[in-house]
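Take a look at the structure below.
The values are calculated or read from the model by the stated rules, or taken from the named source; none is laboratory data. Owing to the predicted nature of the structure, the values given are computational and were not obtained by experimental measurement. All Cβ positions, even for glycine, are placed from backbone atoms using ideal geometry, and neighbour counts span all protein chains on display.
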Amino acid sequence: MAHCNRSPSSPSHDEVNLGPSANPHARPTDFDFLAVIGKGTFGKVLLAKHKADGKFYAVKVLQKKIILKKKEQKNIMAERNVLLKSLKHPFLVRLHYSFQTAEKLYFVLDYVNGGELFFHLQRERCFSEPRARFYAAEVASAIGYLHSLNIVYRDLKPENILLDSQGHVVLTDFGLCKEGVEPEGTTSTFCGTPEYLAPEILRKEPYDRTVDWWCLGAVLYEMIYSLPPFYSRDVGEMYEGILHKPLPLPPGRSEVVCSLLVGLLQKDQHRRLGAIADFLEIKNHHFFSPINWDDLYHKRITPPYNPNVRGPADIQHIDPEFTRETVPNSVSRTPELNASTSANNAFNGFSFVATEDSFL
């Protein structure tokens with residue numbers, strides 16, 4: 001039976017190439033694991049305190065055997081690759097390093113403790129337009145940056161948008177990202193989260209980076225109207241709406257936000273806002289005219305909401321569904337998770353992948 005204290009340099013057929021993020025000297029015993037803060041099909045995300053420097057991190061612990069069984073090696077490595085590239089952007093979560101034992105992969109990430117946008121949206125039902133504009137602008141900036149690296153995100157939803165301790169956006173969970181998609185390029189994997197799927201994905205057609213702008217529209221719509229567009233508990237009915245029904249725009253919102261929603265939630269991807277000049281088109285929409293994009297990027301705009309985080313280990317904004325779980329100090333004993341929980345998702349929400357082009 002494999003154990004965690006073998007020499008990091010000893011060869012193993014289970015060894016995964018973690019690339020430049022690998023820290024061969026790191027071990028699970030370097031950390032005190034304090035709370036479960038998220039979980040998915042492949043493992044859990046734990047709040048951890050590094051024993052040597054006292055700093056707090058979110059450590060994503062993935063079960064190798066589940067990854068191998070589901071043939072998800074390529075997706076996990078794509079997530080690692082995107083994390084390595086995202087160091088230069090203020091609204092993307094940062095990977096500090098990764099390491100492995102015989103049984104598990106460990107990704108040591110920023111602990112972002114202002115809560116999921118989903119958590120705050122559930123509590124408040126909807127946001128004012130200025131607050132929604134601020135979050136949408138920071139998310140658009142992060143997506144635009146990923147697109148500049150030829151990465152399509154593909155799973156934008158409120159569960160994957162965290163707030164930091166000041167209230168700025170941090171986009172997390174890159175498990176469904178697709179690398180190498182050129183500006184005119186397409187891909188075809190059927191993946192995403194049902195409420196946020198673009199029509200072209202549902203039609204199983206090749207799609208491009210504008211799927212992310214559809215998802216931005218869906219998230220903005222939810223922030224404004226409290227539910228995703230075309231939402232129905234009947235998934236078939238919801239898909240019918242996404243594919244065929246006109247966008248419902250209940251009264252009470254400004255003309256300019258409705259104009260942006262119509263542009264982003266355009267069913268024809270070639271006519272969607274962002275289809276020609278990508279992020280530049282979103283930046284230039286009149287809804288964002290109050291935003292100074294340079295100030296936004298450098299976090300010189302005061303967030304509209306302060307999570308009032310009480311310190312680097314504060315878990316008040318983490319879903320109690322996770323934090324109620326006890327954490328054994330040896331993460332090697334972390335139990336396997338029910339595969340019905342979120343695939344590829346470090347936090348709450350349901351995502352899925354099907355078909356081959358992202359698999360080994």
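List of remarks:
- Scanning the stretch 260-312 for residues that are at positive phi and in contact (Cβ under 8 Å) with a residue 40 or more places away in the chain, we see that the one that is surrounded by the most Cβ atoms within 10 Å (Cβ to Cβ) is GLY274.
Table: residues versus (1) buried (at least 21 other Cβ atoms within 10 Å of the Cβ); (2) part of a strand (DSSP E or B).
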| position | (1), (2) |
| --- | --- |
| TYR106 | yes, yes |
| GLY114 | yes, no |
| CYS126 | no, no |
| ALA132 | yes, no |
| TYR135 | yes, no |
| SER141 | yes, no |
| GLY180 | no, no |
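- Screening ILE66, ILE37 for residues that are of a type in the set (A, V, I, L, M, F, W, C) and assigned to a strand (DSSP E or B) leaves exactly one candidate, ILE37.
- Which listed residue, of THR172, THR189, is out of contact with any Cys (no Cβ under 7 Å at 6 or more places or on another chain), more than 20 Å from ALA142 (Cα to Cα) and surrounded by 16 or more Cβ atoms within 10 Å (Cβ to Cβ): THR189
- Lone qualifier among ASN5, ASN17, ASN23 - being polar (S, T, N, Q), exposed (fewer than 13 other Cβ atoms within 10 Å of the Cβ) and at pLDDT 75 or above: ASN17
- Scanning the stretch 190-212 for residues that are farther than 13 Å from LYS157 by Cβ and assigned to a loop (DSSP other than H, G, I, E, B) gives ARG203, LYS204, GLU205, PRO206, ASP208, ARG209.
- Residue count for the stretch 32-45, restricted to those that are crowded, with 23+ Cβ neighbours inside 10 Å and modelled with pLDDT of 95 or more: 0
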